[in-house]
Amino acid sequence: MGVAVQIEPQGEEQGGNALTKAQLSELLFEQIGFNKRESKDIVDAFFELISETLVEGQEVKITGFGNFQVRTKAPRPGRNPRTGELVAIESRRVVTFHSSPKLKEAVQAGSPACD
């Protein structure tokens with residue numbers, strides 16, 4: 001069971017072309033019927049759960065959207081762009097996102113993936 005959510009383009013004062021957490025909360029309020037406090041709490045809980053899962057080193061898979069993974073990048077030599085001096089870049093953990101085939105297709109077609 002999917003719920004169609006209509007997202008209106010936003011002006012520069014409302015975040016430009018970026019969809020924000022505040023806008024997601026507002027959409028839950030307007031189109032789903034949750035009150036504003038519930039909407040904010042749901043959006044915050046959703047992103048907190050994703051963040052915690054990634055911090056623990058686990059993968060997050062959202063069917064029809066994509067996968068978030070934590071990857072450890074190996075240490076490597078780098079260069080200071082200003083001085084040209086060689087610098088050691090330490091190993092670090094980074095989050096990567098791979099979109100699902102369904103999302104890739106929807107982006108190419110210019111229509112929502114969750115229809």
Column: log10 I(q)/I(0), Debye, Cα scatterers of the range 19-58, q = 0.14, 0.30, 0.31 Å⁻¹: -0.34, -0.89, -0.92
Charge sum, other residues only, whose C-beta stays under 11 Å from LYS73's C-beta, Lys/Arg counted +1 and Asp/Glu -1: +3
The range 59-115, relative contact order in percent, only Cα pairs under 8 angstrom and at least six apart counted: 36 percent
Loop GluC sites (Glu not before Pro), the range 83-115, which have at most 13 other Cβ atoms in a 10 Å radius of their Cβ (DSSP): GLU85, GLU90
Local electrostatic count, PHE97, Cβ distance below 14 Å [Lys/Arg +1, Asp/Glu -1]: +2
Flagged links, alpha-carbon separation over 27 Å, of LYS40/LYS61; LYS21/LYS73; LYS21/LYS104; LYS40/LYS73: LYS21/LYS73; LYS40/LYS73
Overall form of the range 59-115 per C-alpha gyration tensor (a/c, 1.5; a/b vs b/c): oblate
Net charge of neighbours whose Cβ lies under 14 Å from the Cβ of GLU52, counting Lys and Arg as +1 and Asp and Glu as -1: -4
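Taken together, the values in this text are just the output of simple stated rules run on the coordinates, not laboratory data. Model, not experiment: these values are computed from the prediction. Using ideal geometry, Cβ is built from the backbone for each residue, glycine included, and neighbour counts are taken over all protein chains shown.
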